[in-house]
Structure formats: structure tokens, C-alpha cells
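**Q** Dropping a structure here in C-alpha cells format, bear with me for questions.
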Amino acid sequence: MAFIQKKERSKERFSLLLLDLEEYYFEQHSAHHVTSNITAQKRPIRGSLKICSKSLIFEPEPVAEPILKIPLRDCSKIEAIEESAQNPFNEINFSGLLVVCRQVYFIKEDNIVAPYKIERGERAFIFQLEVSSKTEDVAQTLLQLHRASCLDKLGDQTAMIAANLQSRLARTSFDKNSFQSVSEKPHMECEAEMVNPLVTNPGHVCITDENLYFQPLCGYPEPVVQIKLHSVRRIYKRRHGLRPLGLEVFCTENDLCSDIYLKFYKTSERDELYYYIATFLENHMVEHTAESYMLQWQRGHISNYQYLLHLNNLADRSCNDLSQYPVFPWVIADYNSAELDLMNPDTFRDLSKPIGALNKERLERLLVRYRDMPEPKFMYGSHYSSPGYVLFYLVRVAPEHMLCLQNGRYDHADRMFNSIAETWKNCLEGATDFKELIPEFYGSDSSFLVNSLSLNLGKRQGGKMVGDVLLPPWASDADDFLQKCRKALESQYVSEHLHEWIDLIFGYKQKSSDAIAAHNVFHPLTYEGCMDCDSIEDTDQKIAMLTQILEFGQTPKQLFTTPHPQRITPKFQSMSRTPSQSASLNELSPAAVSEDSSFEDLTEESRKLAWNNICKLMIVSSHKIHKEAVTGIAVTRNGSSVFTTSQDSTLKMFSKEAGLLQRSMSFSNMALSSCLVLPDDTVVVCSSWDNNVYFYSIAYGRRQDTIMGHDDAISKICWCENQLYTASWDSTVKVWKCVPSDFSSNKRSQFELLAELEHDAGVNTINLNPAGTMLVSGSKEGIVSIWDATSFELLHQVICHSGKINAISFSPDSRHVLTAGEDRTLKVIDVQTGMLISSVVSEAQQRCFCWDGNTVLSGSQTGELLVWDLMSGKVTKKIPGHSGAVTAMWMNEQCSSIITGSEDKQIIFWKPQY
């Protein structure tokens, strides 16, 4: 918690933590808050007016008055004004700054740290600068920053603010009057940012033959930071925001927190400063490597705690970067006993397994999902270390950091760090909780466990207020708890097994097949080198990607590529677990579905069995029922009637049991493009190239309704929860409200247009996820758009194919989208991030497909059915079928029956063989 103590040097109520994430503090002016609305005068309040890149902040001198934070994006007017009315400052007239806003934050009223109070509704504020001549300049600066905050695209906002920052840095330079000695010789000067948890502070760096200086642009929290070079003990290059731009300097050997962390704008400048300090200090310090620390640890020269701290430092972990905070293991597994027995192996957590693998039942569920997942696979949907997890533990001593991270709010009281035992239990059983610990659990400062600041952290269910952390029975108080945690970390058992945990976090089990075998696979974006930020040209996509990675958590830099040796502990007897105490990998594999399982059961197991045998598809029957290519297939829920559409403009009704064509309907003289059967099996909906949607009543045997909905051909339709989605070559997808019961009443219906989703090109295909909460569309120009089907907002847009998209579909778990394009590729998109994560090239176009999230059954331009393994990106089976391109495919819920349609005018019924 050294970073918290460091912040206490400043006695001001204002802190950079009051800014938004990625916001800069530019300048401040002494000012008076004259009035809070245009008409009502109140007593002027003296304070400091702070100009920030996304907000205007007024810090009043009286501590009873709240700090005002006005987001610039919420301002409707900013201007310099002059008034001739009498006022306390000038008997004739005065100039002021008028700010009219729709929302204002009230912070630290009576100097109490608490969730921000937000007042909405239009309000006017007038501030009078003590140097009135600066009023117009301040107004113009705020107007420029206001324009940046109101830009539609986040990338444009960031670029405009960055340009403003660089302009300010270019107009200023390091003030050499700040040198400690006039005899100092400057070596280099450049721009950089000082990094603290959740905040960065831009300014100028200067290094001389005696000192390293940093001068903040805004003069806050102090005019200059000075580091004596002869006091430096360690320096580390750092990744910051996934880029090699950071440099961290330590002036003590064992301190947890550094003396300064700098982020440079150019890697070359970072490296020059690093090598200058390293050369200067070559006679004063020894550069340690992971191997050198390992040797010290093996021989007992440094403790387990010290070794882990050094490994974290070498692996880019820093207390100044909450996205890469030092990570320490849970080592104790017993939080219920009255006494802590450190001689009993069962007291300890199994250090050979990651947190997510400690609970066998939970791991089995995770592995089932993992095996069905296309590449790139991951076992855990959250990380073991992230800013949110760090502040979860430290909220009682770092409340302002938590409020900064969560936009002025604490987490829900029941989700707070309330109990050691509850937290451990949730890490073992929670569906998405795999967090490890932080160094503070093995330190000497127990204040993070005690609500000594009397913070109002909320009320839990049952009415109890969140107070101190509830400790296990074996701890008499917070200090005793930490003392016993330290003792456990240095115990015989942990000393013998710590190398196993190091293999997982810093070593050879962190990546590749060893990670898979150890059940230690996290999302690919958490690993070093997962992406090249500079290669992403779209600034919005780059910022969104960086934000996700930094908030989700990052895996440490890999330090070892071979198994880590065990510590030499000759004075101890072995306390290793017996084989019965440590489950084998085979035990953790889900049981296979038995051969006599009923395939007809609508269960996940039956679907998996079907997909496992998808290569064994056999033709049941084939029928030539159309005069042109088949374009759509739909089947009633009882499976008795099959409906098909064709470019011959007809809708056919085929009896599966009798194997006979029962009806043929024609609605227009143009091709029908797709069809679906509504859930009650009474109505078939067809789309047509004549721009219309037709509703055919099965009971009455005639067309019952028509939607004349588009300006060009309708290419595909989908249905969910009384809503019809129609895609068209007129570059739109329309959403209509339709109630099925209206059709059975033999009356014409009124269709309500709920939304019109605009695209840049004709839409060739659409698909809904199983829950009906998301829609994905594919255009003629190869662009994939993912939409929120409840708010109709665009979530992601991905340039995916070089030609039109033939088919598109969500995976059963809605995590991914698979597309098949005219450019002969299959591509997988991550739904959460919008990232293109996999691309597979085929010999011919794939026109349609079904998939289970990992295996794909596709219909080829050649007439074959292809079975794909997306993990390997290869075709595992080619199944001969049609004599023309396969243009339509239907699969039942059990995956036990498949129907395909083709340009050869046939439909073929398929069934897997067991």
C-alpha cells in the first residue's frame, strides 16, 4: 500500500483520482465561485479552478463546501461574460466565466470521502478568475476541450485531446532553475508522463549527471520530482498499455513501491534514459536476473515473499499500474478451524493448480465449454489479477481509487470484500471468480482489513453495515491474521511447492500445450505480444481493445520456459501431498457419454454425440421438387412437414413421412429467398426478390398477409418473440412487430415497424443468437455488423471478407460469430470485443453451414458437405451429396436430422450413423 502512503504527501482535497480514467489535468487558476445560477446570488467562495481534458473542477477553500466537477460533454454553454452589476469584487463591473451544464458532481462535502452526489438538470455557474485578463483564454481553452468531448467517436476525442496535450508540452520546457546545483550537466530532456495507480500526469523529464527530474505540466502535486542517481538501486523497463514505453526507478532494495514510474511517448527515449542510468550506476548496483534471484531463493538467502516480489518486478508487475499489480498466491485453504495447523498439508492450497482448477466439479464444467470452443480457446472467462480485484481488496484504504475506477460509486455491499472465508469460498466455487491475492496479505500493514476511515460502504442483506473484514477463527485480529499468513507463506509446505505455482504464473506452464495440460489457459488478449497496437489503424477499435485488455487483467511476462527447480529445504522433512490428495488430470476430464445414451433426448449430451459423429452422415432420401435452386428450408416443430423456397418463385410443402410433395404455392413471379415456420406451426413466412414478405396460412392453404417492406430484394428473414427481422439488398435490416395469433384469426394484420438498421451495402444474410438478444448481419461488401436486438444499437462492425458474405451464425453460447464468404474463407469473430480471431481458407466457396461452436458442417459450391475442425482449421471429412452448389441447410434441435437444398433443384435428407 506504499502508493497510498505516497499520495498523502499532498494535503489538498483535490486529487488526480477525481478525473476520469485517461483524463489529463492541464492548468489551474485562483478563482471565486460567484453564483450557482444566473439569477440567484450567493456569497462568493474562493478556491481553485482546474482545467482538465474532459472536465472543469472547482476546489473550494472551505472544506465544508463540496468540490464541483462539471463534465465538459454535459455543458451547453461556456463563455466569458461581463456584468456591470454591483458585486463584492469590483464596484463598477467584473468579468467572469459562465458555464451552463446539464449535470454536475458534488464530491467530498465536509471533506468526507463518499460516493459522488450527482445533480441532473440545467444549472449555470459563474466563476471569476483573480487574474481577470485570463478569462477569455480560459473560455477558449474550455470550448476547444468541449468540442473534443462532444465528438461522436472516442478515437477522435482521444486524438484531439492528445493534440492539445502535445501542443502544451511543445510550448513549454523543463525549467533548469529547478536544478539542485548550478554545476549539474544535463544529459537529455524529453516529454513523458508520471504514472500512478489509475492516473497519469504529463510533463517534462530531464536527467543530469547527478539527478533525474520530472516537472509536471500542471505543477501538481509538486513543482518538480527529484531522484538522486546515486540513491537508485534498481531500474526496470515496463510495458505500459501493452507498449514498451515505461521505466520504473527504485531507490530501495526491498520496497514494494517505486520512487517514480515514467511513461514515455517514444521507446527510443525510454531506452536512452534507461541505458544512461544503467551505465552511470554500473559500479553502484548489480543487475539481477530471474535466474540470479532464483539461485538466492534456492539457497535460502531470500525469503519466499522477497522472491515473489522480485519475480513480479521482473515480469512487469508494478504497484503503480493496477492492470499489472503484483500477484501473490492463496496459500492457506483452511479458514474455518479454530487453530491454524501449519504442519498439516491439508491446511494448504494445492499450488500445482491454478485457482480455476482447484474445484473439480467447476473445472469439469469449464472444460466442457473449452472443448466446444473454436480457436483461440480459453478456459477462464476472467483473470486472476485486474484493477477491480486489487481495489476489491484495498477499498478500505484506497476508497478514492475505487470511486475513480467505478465512476464515483462503490460496489454493491454484498459484493464487497466482507470476509476472508467468503472470498476464498467464492474463488473456489464462483463461476467467474479466479482471483489470486496481492502482496499486502503477506506484509505488515493490516489497515486494508479494517475500516479505520469509517467509510460508508453500504448495507448488506440483513441490514448489517460493511465494516471490518471478517477474519477466520484462528486469527485474533488483523495483525495476527497477517502474521500467520506470512508464516504460512514461509512454511515448509509452501517452500517445497512454491515452484509449482511459479511455473503457472511466471513459467513454462503459462503458455502453449503445457498451459493446456495444467488447465491454465486464459483469454489470448491477456498474454504479452497478443496484439500489435500500432498495427490497428482504426483508433476507436484500438482504444476499445486497450481498454478491455487493461480492465480485464494481464498475464505477467514469461520468465522461465523450463520447469522451475524446487527450493532446497534440508532442515525440513517432506510434506508433499500423497497421490490421493492430488487428483490426476484424467480424473478431471468429463465423463464420456455412454454408448446406450438415448440420442433422441433433447439434451446437451445428445447434441454433442451427434456432432461427434457428424462425419458419418448418410443420405436417407433425395427429392427433386423445384425447377430452380433451393433457397430456404423450414420444418414444423413436429417434423412432419418440410417447407422449401426456390428461385423458381414457389413455396413447396413436402411430407417427410410420406415422402411426397403435398402443396405448391406461388406468390409472385420473382424468386423466393428464404422461409421460416412460426412457432405454432400454423404460418410459413417467405421473403422474396420482389421486396415483399409473404405469410402463408397452413390451415387455410392460402396467402394471408403481405409486408411490402423494402426497396430492393429481401435476402433473409429471422423470427424471435413476435418480432420479424428482414434483411434486404436495399442496405437495411428492418424489425417488425408481428403477433402470430393474429394470423390464425383469418384477418389481415397490422405490422409495426420497430427499427430500421442502416448498412453501407446490401445485406445478404442475418442471424439471431439463441436468446434473441443479438443480431448479426453480413453485407455484400464483406462487412459483419453485430447489433443489440433489444436497443437496436450497433455493437461492432468488422471488415471481414473481400466479397459478399454467404452465411453467418452465432455459436450456441453466443460468444462467437462464424461467417462464410465469397472469398472462400470461414472466419470467427469474438462477439464481446468484435475481434476477428480466426480465419480458415477453403478450396471453394462455402454457401451455408451449421456449427456447434467448434465443428462446422458446411455446404460447398462443389455440392459436397464439408466437416471442419476449427481448432486445426482443416477439413476432416468431405461427404458427396449434390451435383450443384449447396445453397440451404437445416438441422433439427437434436442435431439428428439434416436437410440440404441445392442449385441442382433437389433436397436431400441426411442422418448421422452410430
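**Q** Please give me the summed charge of the neighbours of residue 902: other residues whose Cβ is under 15 Å from its Cβ, Lys and Arg +1, Asp and Glu -1.
**A** 0
**Q** While we're on this one: For the range 488-558 and the range 186-209, what is the separation of their Cα centres, given in Å?
**A** Value for the Cα centre distance between the two parts: 29 Å.
**Q** Ok, one more. Would you kindly give the portion of the calculated P(r) for the chain that falls above 57 Å, as a percent of all Cα pairs?
**A** Everything past 57 Å amounts to 24 percent.
**Q** Tally Lys and Arg at +1 and Asp and Glu at -1 over the other residues with C-beta under 12 Å from the C-beta of residue 18: what net charge comes out?
**A** It works out to a net charge of 0.
**Q** Enter the accessible area per residue of the chain (Å², integer; probe 1.4 Å; all protein chains in place).
**A** Solvent-accessible surface per residue comes out at 42 Å².
**Q** Oh, and also: Using each residue's phi in the range 783-794, evaluate 6.51 cos²θ - 1.76 cosθ + 1.60 at θ = phi - 60° and report the 3J(HN,Hα) Karplus result to the nearest Hz, with x for Gly and Pro.
**A** 9, 9, 10, 10, 10, 7, 7, 9, 9, 6, 8, 7
**Q** Now for a separate question. Taking a ≥ b ≥ c as the square roots of the Cα gyration tensor eigenvalues, with a/c under 1.5 meaning rounded and otherwise prolate when a/b beats b/c, else oblate, which class fits the range 783-914?
**A** prolate
**Q** Quick one: compute the contact order of the chain, relative version, from alpha carbon pairs under 8 angstrom and 6+ residues apart, as a percent.
**A** Across the chain, relative contact order equals 7 percent.
**Q** On the accessible surface of the chain, probed at 1.4 Å, how many percent belong to carbon and sulfur atoms?
**A** 48
**Q** While we're on this one: What is the sum of charges around residue 394, taking Lys and Arg as +1, Asp and Glu as -1, for the other residues whose C-beta is under 12 Å from the C-beta of residue 394?
**A** Taking every other residue near residue 394 into account, the sum is -2.
**Q** I've got another one for you. How about residue 77: which aspartates and glutamates have a C-alpha closer than 20 Å to its C-alpha, ignoring those fewer than 8 places off in the same chain?
**A** 119, 122, 136, 137, 152
**Q** Relative contact order for the range 688-836: what is it in percent, counting Cα pairs under 8 Å that are at least 6 residues apart?
**A** That works out to 14 percent.
**Q** Per-residue counts of other Cβ atoms within 10 Å, averaged by peptide: what ranking do you get for 849-861, 710-722, 490-502, 126-138, highest first?
**A** 849-861, 490-502, 710-722, 126-138
**Q** Pull up all non-local amide H partners of residue 690: gap of 5 or more, or a different chain, and H-to-H distance under 5 Å with H placed in the peptide plane.
**A** Amide H to amide H, under 5 Å and 5 or more residues apart or across chains, residue 690 pairs with 714.
**Q** Report, in debye and to the nearest 20, how large the dipole of the chain comes out about its Cα centre when Lys and Arg carry +1 and Asp and Glu carry -1 on their Cβ.
**A** 1200
**Q** Taking a ≥ b ≥ c as the square roots of the Cα gyration tensor eigenvalues, with a/c under 1.5 meaning rounded and otherwise prolate when a/b beats b/c, else oblate, which class fits the range 101-156?
**A** It comes out oblate by the Cα gyration axes.
**Q** Between their Cα atoms, which of 108/459; 176/266; 228/484 are more than 27 Å away from each other?
**A** 228/484
**Q** Sort 510-520, 392-402, 460-470 for me by packing, meaning the mean count of neighbouring Cβ atoms within 10 Å per residue, highest on top.
**A** Most protected by this proxy first, the peptides run 392-402, 510-520, 460-470.
**Q** Measuring from a point 7 Å past the Cα of residue 305 along Cα-to-C-beta, which residues in the range 467-489 have an amide N at less than 16 Å?
**A** Residues 478-489 fall inside that zone.
**Q** In whole Hz and in residue order, list the ³J(HN,Hα) couplings for the range 681-688 that follow from phi through the Karplus curve 6.51 cos²θ - 1.76 cosθ + 1.60, θ = phi - 60°; x for Gly and Pro.
**A** 6, 10, 9, 10, 10, 10, 10, 9
**Q** Quick check on packing: order 797-810, 341-354 by the mean number of other C-beta atoms within 10 Å, highest mean leading.
**A** Taking the mean over residues of other Cβ atoms within 10 Å, the ranking is 797-810, 341-354.
**Q** Sequence-distant or interchain residues sharing an amide H contact under 5 Å with residue 52, placed H: which?
**A** Residues meeting the criterion, in which the H sits 1.01 Å from N, are 26, 57.
**Q** If you don't mind, there's one more thing I want to ask. Taking amide hydrogens as modeled 1.01 Å from N in the peptide plane, which residues meet the under 5 Å criterion relative to residue 208, leaving out close sequence neighbours?
**A** HN-HN under 5 Å from residue 208: 187, 213.
**Q** Short version: ³J(HN,Hα) in whole Hz for each residue of the range 718-728, in order, from phi by Karplus 6.51 cos²θ - 1.76 cosθ + 1.60 (θ = phi - 60°), x for Gly and Pro, what are they?
**A** 9, 9, 7, 6, 6, 10, 9, 10, 10, 9, 9
**Q** Calculate, in nm to one decimal, what residue 272 and residue 758 gain on full extension: separation in residues at 0.36 nm each, minus their alpha carbon distance.
**A** This chain segment gains 169.9 nm when fully extended.
**Q** While we're looking at this one, here's another question. Would you work out if the range 119-183 is rounded, prolate or oblate? Take a ≥ b ≥ c from the square roots of the eigenvalues of the alpha-carbon gyration tensor; rounded if a/c is under 1.5, else prolate when a/b is larger than b/c, oblate otherwise.
**A** oblate
**Q** Now for a separate question. Compute the Kirkwood hydrodynamic radius of the range 191-256, taking the inverse of the mean of 1/r over all pairs of distinct Cα atoms, and give it in Å to one decimal.
**A** Here the Kirkwood hydrodynamic radius works out to 12.8 Å.
The values are calculated or read from the model by the stated rules, or taken from the named source; none is laboratory data. Please read all numbers here as calculations on a predicted model, not as lab measurements. Positions of Cβ are backbone-derived with ideal geometry, glycine not excepted, and every protein chain shown enters the neighbour counts. Quick note on the areas: whole protein, heavy atoms, side chains included, nothing else; ligands and nucleic acids left out. Shrake-Rupley method; radii C 1.70, N 1.55, O 1.52, S 1.80 Å.
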